[in-house]
Every structure is written in C-alpha cells, then in structure tokens.
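Please read the structure below before turning to the comments.
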Amino acid sequence: MKHTGERKILIVAGETSGDLHGAHLVKAALSLDPNLRFYGVGGDHLRNTGTEVIFDSSEVAVVGIVEVFSKLRSIYRAFRWLKRSLDRDRPSLAILIDFPDFNLKLAKEANKRGIPVFYYISPQVWAWRRGRVKKIAKLIPKLVVILPFEASFYRERGVDCEFVGHPLVDIVKPHLPMEKAREIFRLDRDKRTLGLLPGSRREEVQRLLPVLLEGAQLLARDFPDLQFIIPLAPAINRVEVEEHIGRFNLDIRIVEEHIYDVLNICDLIITASGTATLEATIMNTPMIIVYKVSFLSYLVGRLLVKVRNIGLVNLIAEKNIVPELIQGQASPANVFNETSNMLKNPHLLSTIKGELEKVKEKLGNPGASRRAAQILYRFIHQEPLSPNSA
C-alpha cells in the first residue's frame, strides 16, 4: 500500500456513543493506513486510540432543545477553535459523527474551505426536522449509516449513503461468566436482578434517577426476591449517584465499567432512551425505556418529531416490543406498574426476548467499523483497497 505521508484528520464526536464508535472507526482506519493522524472533539475512547482530543465531548454534549443554552459558551468556544483549525491546520478530511446541530454547521465551514466531509452515523432527520436532508445532500459527499432503514431514506433524497451495520454488534459482549459476575458484583444468585440505567449524561441522571429509585422502592416492597444494580456511565459522578440513593431505603449495587456483564446478568432493565437500548437488545435483555427532558423541550419536540416511538429498538422493529414511558408517563407509579407486569409474566419476557433477537438480526453482521473504515480509506485516497487490506 502506498502512502503520500502523514494525513491530518479532524474528527468531531460530541456525544458519549459517538466517542465510542469514533474510536473503533479510528482503530480500523489506522490498521489500513497508519499515516493518518486524528485530532478534534471526543472523550476517553478516542484518546485511547492516540487521537489528540482538544475538547472533551462532555463540554458540548446536551440533552433536549432548551438545555443547549447551559452549554452555549463551551459550544461556541469549541466551534470557534475548530473553525480556526480548518484554516490553520488544513486537515485532509473532517470526520463528523452524529451531533447534527453542531456538525452540520461545521460541515458548511469545511465546504467553504474545500475540505471534504465524511459523516458517520446519521443525524436522525427521519425522526424530526426532515428539512435538514436538503442541507445534508448539499454539504455531505459521503454519509455512512448504522441503522438498517436509513440508507434507503437518504438515497431516495439524493444523498450518497452506505449502510455498514451497527458497530455495537462487535462491541457488546460480556467479559465474565455469569456466576463470576454475580460474585464480583456481590449479587445473590437466588434473586432476580433489575438494572437501573438512568443515562450517560448528568442532566439525564438528575431527571431520571429519582424516578427510577422511587419506583425501585415500590418494587422492593412487593418483590422481596428482587435486587438492584446500577452500571455507571463513564461521565457520571459516583458520589452524586450515591447521594440520590441515600434518600431511599434501598440496597443497590453500583458498578463502574462492566456494563455488558451487568446487562448479561439482569433479568430486566429500566433504561434511559439511547444507545443502552441497543446494547440491551444485543444482549437479549428485556427492558423498559424511560425518558424526560425539560417541559419546554418536550413541547417543541412534540411539534417537530415525526415518529411514533422514541426507543431505537422499537423504531427498528417498527412496532412496540418494549414499553416506553416518556415525559409525564415516566413516573414512579408507572415504572412500578410496567415492571411488575413484566416480572409477573414470564411468557411476556420470553416473547420480548424473541422480538429482540429479530431486531439484533436487522443490525447487520459483525465488522461494521471495519467496513466503515474501508469506505473512509477509499474516500481519502480515491482508490480501491489492495486485496490484502479488504
């Protein structure tokens, strides 16, 4: 394979999931072309690939439409630096991962300067603000998507788009045998385990964790054979979570890392909408999806959102296979009722597991990051891969 020297690549992953998927893309890309050098916005996953992270994704990530105002200063500072970098560093390419409101503006700046844009993981324009498709068709010469229904949606609207499958299919695997995991997490093997996943961002945890804990307290009263565990997302402060738990009469295990081992031993989870729903799908773990944003964000969202479901697992299935408790429905009483119904109904849990298997099949075969990196290679070099690299 011939290379023309080091190529500097700007990468922007403004969310926790984008940081994870971006890191796997970078690793695969470096295996094809070790002369690539990555820098930009991300988190620990991208740092661990050798990417020079100038701005941490936690500085710019937001939940909801109104909540963006609390991060405006950090967002503006990051955008201003990146815009200067396009002039100063003249990267060979900008890889933009999801995070559409920020990244589509950056794509426009890159286009002005003749810097090509490779967009990985689609903005969810099929769900809301579909008018952005025209902007994507104009600004994005190559879009790589990871959800099965997205490719036809974009191609029908004139976007050069390829589906590679979902990178989580490769990533989501337990590292411990179930019995060993229970031992390490100090869980009773004779009790059922309920996982509480309040989200990967501080704002999500502040809104959802009290609801989940109050619901758990109701469940503990009626189900003495039930035990609780919280796998902490990397950006979440353990002390803050412990302070929330301290307000309730609950014995809850808190686990840092080991998210897939936790999902593997849970009989059921209650989770914030997002990547965790697909991780649970791949692990074949039944779930209840909860989500809340500010009241104003919810009102605006109701006007803009064009899909019936919020959970990716239900969107991919094109039907309700797991319950969704959104906004006002995300109450302790509803958490208790939905969870009770599932715990008392083994046949329902078995049916859900069967439906989750069907969704997993739709996520594509293993090797999504590798396939995305091969498309990236061709896009950078404008040449096919050598047979030994494919």
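Numbers at a glance
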quantity	calculated
Counted residues, the stretch 324-355 - those being among the hydrophobic types (A, V, I, L, M, F, W, C), buried (at least 18 other Cβ atoms within 10 Å of the Cβ) and assigned to a helix (DSSP H, G or I)	5
Count - residues of the stretch 78-101 that are at pLDDT below 90 and either among the polar types (S, T, N, Q) or in a helix (DSSP H, G or I) (or both)	2
Filter result for Ile75 (at pLDDT 95 or above, in the same structural domain as Glu15 (by TED's automatic domain parsing) and not acidic (Asp, Glu))	no
Residue selected from the stretch 242-257 under the condition within 13 Å of Leu209 (Cβ to Cβ) and touching a Phe, Trp or Tyr at 6+ places or on another chain (Cβ under 7 Å), by the criterion surrounded by the most Cβ atoms within 10 Å (Cβ to Cβ)	Ile252
Residue tally, condition under 22 Å from Ile265 (Cα atoms), at pLDDT below 95 and of a type in the set (Lys, Arg), over the stretch 190-216	0
Qualifying residues in the stretch 39-68 (those that are in a helix (DSSP H, G or I) and surrounded by fewer than 23 Cβ atoms within 10 Å (Cβ to Cβ)) - the one modelled with the lowest pLDDT	Val66
Enumeration of residues in the stretch 356-369 that are surrounded by 15 or more Cβ atoms within 10 Å (Cβ to Cβ), out of contact with any helix residue (DSSP H, G or I) (no Cβ under 6 Å at 6 or more places or on another chain) and assigned to a helix (DSSP H, G or I)	Ala368
Index of the failed condition, Phe248 passing every other in (1) assigned to a helix (DSSP H, G or I); (2) of a type outside the set (S, T, N, Q); (3) closer than 19 Å to Ser331 by Cβ	(1)
Those residues of the stretch 181-239 which are part of a loop (DSSP other than H, G, I, E, B), of a type in the set (Lys, Arg) and closer than 15 Å to Asp251 by Cα, in sequence order	Arg186, Lys191
Leu187 being in contact (Cβ under 8 Å) with a residue 60 or more places away in the chain, under 25 Å from the mean Cα position of the chain (by Cα), within 17 Å of Glu257 (Cβ to Cβ) and assigned by TED's automatic domain parsing to the domain that holds Leu315	no
Enumeration of residues in the stretch 135-154 that are within 24 Å of Leu168 (Cα to Cα) and not hydrophobic (A, V, I, L, M, F, W, C)	Lys142, Pro148, Glu150, Ser152, Tyr154
Any hit, the stretch 172-180, residues being assigned to a helix (DSSP H, G or I), at pLDDT 95 or above and over 24 Å from Val313 (Cβ atoms)	yes
Number of the exception - Val172 against (1) crowded, with 22+ Cβ neighbours inside 10 Å; (2) among the aliphatic types (A, V, I, L, M); (3) not assigned by TED's automatic domain parsing to the domain that holds Asp101	(1)
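Residues checked against (1) modelled with pLDDT of 90 or more; (2) buried (at least 20 other Cβ atoms within 10 Å of the Cβ):
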position	(1), (2)
Ile230	yes, yes
Glu240	yes, no
Ile259	yes, yes
Ala272	yes, yes
Thr277	yes, yes
Thr281	yes, yes
Met287	yes, yes
Arg308	no, no
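The values are calculated or read from the model by the stated rules, or taken from the named source; none is laboratory data. Note that this is a predicted model, so its numbers are computed, not measured. Reconstructed Cβ throughout: ideal geometry from the backbone, glycine too, with neighbour counts over all protein chains shown.
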